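Report on one structure; see the data block that follows.
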Amino acid sequence: MNAHQMVDWMADFFEHVEKYPVKSQVKPGEVYQQLPAQVPAKGEQMEAIFQDFQQIIMPGMTHWQSPNFYAYFPGNNSYPSILAEMLTATLGAQCMIWETSPSAAELEELMMQWLQEMLGLPAYMTGTIQDTASSATLCAILSARERMSDFQINETGFQTENQLRLYCSSQTHSSIDKAVKIAGIGRSNLVKIGVDEAYAMKAEALEVAIKKDLAVGLIPCCVIATIGTTSSTAIDPLEAIGKICKKYNIWLHVDAAYAGTALILPEMRWMSQGMEFADSFVFNPHKWMFTNFDCSVYFVKDKEALIRTFEIMPEYLKTEVDEHVNNYRDWGIALGRRFRALKLWFVIRNFGVEGIQQRLRQHIKWCKNQVDRFEAAPDFELMAPTPLNLICFRFHPLHIQDETILDQLNEQLLHHLNASGKLYLTHTRLNGQYVLRWAMGQTYLKERHLLDSWELIKEMSERLF
């Protein structure tokens, strides 16, 4: 009975989600103060627990599934993905090796094949499902580290002469900074390469940095190229970067966490030109492919290098079929693994490739339409190119040229918009300027939501004077 009640609530939630405040309106500590301080000694009825969920927890939730959620990048779900998650939770399987759930391992193998075909990746690429792009990128850096050291760092640790260098653009995601710390390489050995006017990495500057390091005995190990940076969805020139990596025998990892989904559209595969030079590639179906968090897909050119980096074989994990199957616990950091392939299978089958493509094309088209509206509005300014479905903009009245005042105005505008509960935007800084980000990729987004949000943005900006 409780399950039926909650499923009914879930259906009602999706029907009415756009009526909720998008960004939670509670103050710090407000939820905590309503929760009981003592651990319950005796069990409680589910009816009471669910009532507290609705009255205490719900007001403190920011609604990522609202069509008016435009912040960060989307963390989408969809009806088929939710149903698969319910089944996954019911099964409760720990899918660390083939033997602990053969269906999980073999469905994951098939999903990687489907996605390789859907994205137009090289046929030799294979891989596994990770939790997040942060984990996948860490796997890439660790694999690059081991290949460069002939797998000796895993055995003996870093030697003083092994000063490895990594390269990425100044716009690359912060997970790279974290990964070099975890990998023992150190942030001082992460070289940030300058970007062009479109915020994409300058390939010629990359080669200059590599030559400079080689000249003083440092060891170039890995380059991170990004398809769709977090701040502005800039597209690094993959082919030019790839040729440099090949020339100097450097591992090339491609971070397409958000924008990689767009490669399902043949007309967007200009972004991945040069993928044949990549050693690894990651994208997140849990962002723009309508699949519940967490689900990150990691491809590699050389699966043996990946497995050799992570493989551990204690006696209690050995089975008689190990030589004939994929034991995915050897393909990444975690031993324990969720049955993530099931929700991918449900989503791809229920939407179909054509259904996914249709939604992606709508989002990109609606974004272009909104770009036109910004260009026609004299008091707004576009702050970066818009190759996909993210707009970087700011409010810029014609009579104001002081950058400090413009930053303050746009920060005020952002706070007023988010406090309204009618939409949720975030900000970044580009060229030191305060910029608002408007990401248009939520699963059940309609253009009417964008038009209503545009009217609100204009109205709120006028109130600043």
>> Just to be sure I understand the filter: pairs with C-beta atoms under 6 Å, separated by 6 or more residues or on different chains, first member in the range 138-163 and free of Cβ contacts under 8 Å to residues at least 60 places away in the same chain, second member of a type in the set (D, E, K, R) and surrounded by 10 or more Cβ atoms within 10 Å (Cβ to Cβ). Which pairs pass?
In response: 153/145
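A quick yes/no check of all residues on (1) exposed (fewer than 15 other Cβ atoms within 10 Å of the Cβ); (2) among the charged types (D, E, K, R); (3) in contact with a Gly (Cβ under 8 Å, 6 or more places away or on another chain):
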| residue | (1), (2), (3) |
| --- | --- |
| 44 | yes, yes, no |
| 59 | no, no, no |
| 62 | no, no, no |
| 66 | no, no, no |
| 81 | no, no, no |
| 88 | no, no, no |
| 93 | no, no, no |
| 96 | no, no, yes |
| 102 | yes, no, no |
> Looking at residue 224, is it on the phi < 0 side of the Ramachandran plot and part of a strand (DSSP E or B)?
Replying inline: yes
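This table checks each residue for (1) of a type outside the set (Val, Ile, Thr); (2) within 23 Å of the chain's Cα centre (by Cα); (3) within 30 Å of residue 12 (Cβ to Cβ).
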site	(1), (2), (3)
31	no, no, yes
40	yes, no, yes
47	yes, no, yes
63	yes, yes, yes
79	yes, yes, yes
106	yes, no, no
113	yes, yes, no
124	yes, no, no
140	yes, yes, no
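When you scan the range 39-56, do you find a residue that is small (Gly, Ala, Ser) and touching a residue at least 24 places away in the same chain (Cβ under 8 Å), even just one?
Step one: of the range 39-56, the residues small (Gly, Ala, Ser) are 41, 43, 48.
Still in the running and touching a residue at least 24 places away in the same chain (Cβ under 8 Å): none.
No, the range 39-56 contains no residue that is small (Gly, Ala, Ser) and touching a residue at least 24 places away in the same chain (Cβ under 8 Å).
Among the residues of the range 244-252, are any among the β-branched types (Val, Ile, Thr), surrounded by fewer than 16 Cβ atoms within 10 Å (Cβ to Cβ) and not in a loop (DSSP other than H, G, I, E, B)?
The first filter runs over the range 244-252 and keeps only residues among the β-branched types (Val, Ile, Thr), leaving 244, 250.
Retained after the next criterion (residues that are surrounded by fewer than 16 Cβ atoms within 10 Å (Cβ to Cβ)): none.
No; the residues of the range 244-252 include none that is among the β-branched types (Val, Ile, Thr), surrounded by fewer than 16 Cβ atoms within 10 Å (Cβ to Cβ) and not in a loop (DSSP other than H, G, I, E, B).
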>> Regarding the range 147-163, can at least one residue be identified that is crowded, with 20+ Cβ neighbours inside 10 Å and in contact with a Leu (Cβ under 6 Å, 6 or more places away or on another chain)?
In response: no
>> If residue 249 satisfies all but one of (1) touching a residue at least 60 places away in the same chain (Cβ under 8 Å); (2) over 21 Å from residue 194 (Cα atoms), what's the number of the condition it fails?
In response: (1)
>> List the residue pairs whose Cβ atoms are under 8 Å apart, where the first residue sits in the range 62-91 and is within 19 Å of residue 456 (Cα to Cα), the second is basic (Lys, Arg) and surrounded by fewer than 20 Cβ atoms within 10 Å (Cβ to Cβ), and the two are 6 or more positions apart or on different chains.
In response: 67/446; 68/422
>> Every residue in the range 57-78 that is in contact with a Ser or Thr (Cβ under 8 Å, 6 or more places away or on another chain) and in a helix (DSSP H, G or I), please.
In response: 59, 60
>> Return the residues of the range 108-124 that are assigned to a loop (DSSP other than H, G, I, E, B) and touching a residue at least 12 places away in the same chain (Cβ under 8 Å); say none if nothing qualifies.
In response: 120, 121, 122, 124
>> Cβ-Cβ under 8 Å, sequence separation 6+ or interchain: first residue in the range 440-452 and closer than 11 Å to residue 70 by Cα and without any contact (Cβ under 8 Å) to a residue 60 or more places away in the chain, partner surrounded by 22 or more Cβ atoms within 10 Å (Cβ to Cβ) and not aromatic (Phe, Trp, Tyr). Which pairs?
In response: none
>> Taking the condition of being closer than 20 Å to residue 237 by Cβ and either aliphatic (A, V, I, L, M) or under 9 Å from the mean Cα position of the chain (by Cα) (or both), how many residues in the range 261-295 meet it?
In response: 9
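Scanning the range 150-203 for residues that are among the charged types (D, E, K, R) and touching a Lys or Arg at 6+ places or on another chain (Cβ under 8 Å), which turns out nearest to residue 387 (Cα to Cα)? Show your work before the answer.
Quick first cut of the range 150-203, residues among the charged types (D, E, K, R) only: 150, 155, 161, 165, 177-178, 181, 187, 192, 196-197, 202.
Right, trim to touching a Lys or Arg at 6+ places or on another chain (Cβ under 8 Å) and you get 177, 181, 187, 196.
Values: 177: 26, 181: 32, 187: 30, 196: 15 Å.
Per the criteria, the residue is 196.
Those residues that are surrounded by 16 or more Cβ atoms within 10 Å (Cβ to Cβ) and of a type outside the set (A, V, I, L, M, F, W, C), I need them from the range 398-415; list them, please. Can you show your working first?
The first filter runs over the range 398-415 and keeps only residues surrounded by 16 or more Cβ atoms within 10 Å (Cβ to Cβ), leaving 406-407, 409-410, 413-414.
Selection gives 407, 410.
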>> Quick check on this structure: which one of 105, 93 is part of a loop (DSSP other than H, G, I, E, B), among the aliphatic types (A, V, I, L, M) and touching a helix residue (DSSP H, G or I) at 6+ places or on another chain (Cβ under 7 Å)?
In response: 93
>> When you check residue 129 against the structure, is it outside any helix (DSSP H, G or I), under 21 Å from the mean Cα position of the chain (by Cα) and within 21 Å of residue 350 (Cα to Cα), yes or no?
In response: yes
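Each reported figure results from applying straightforward, stated rules to the coordinates on display, with no laboratory input. The structure presented is a predicted model; accordingly, all values stated were derived computationally and were not measured. Neighbour counts run over all protein chains shown; Cβ positions are idealised from the backbone, glycine included.
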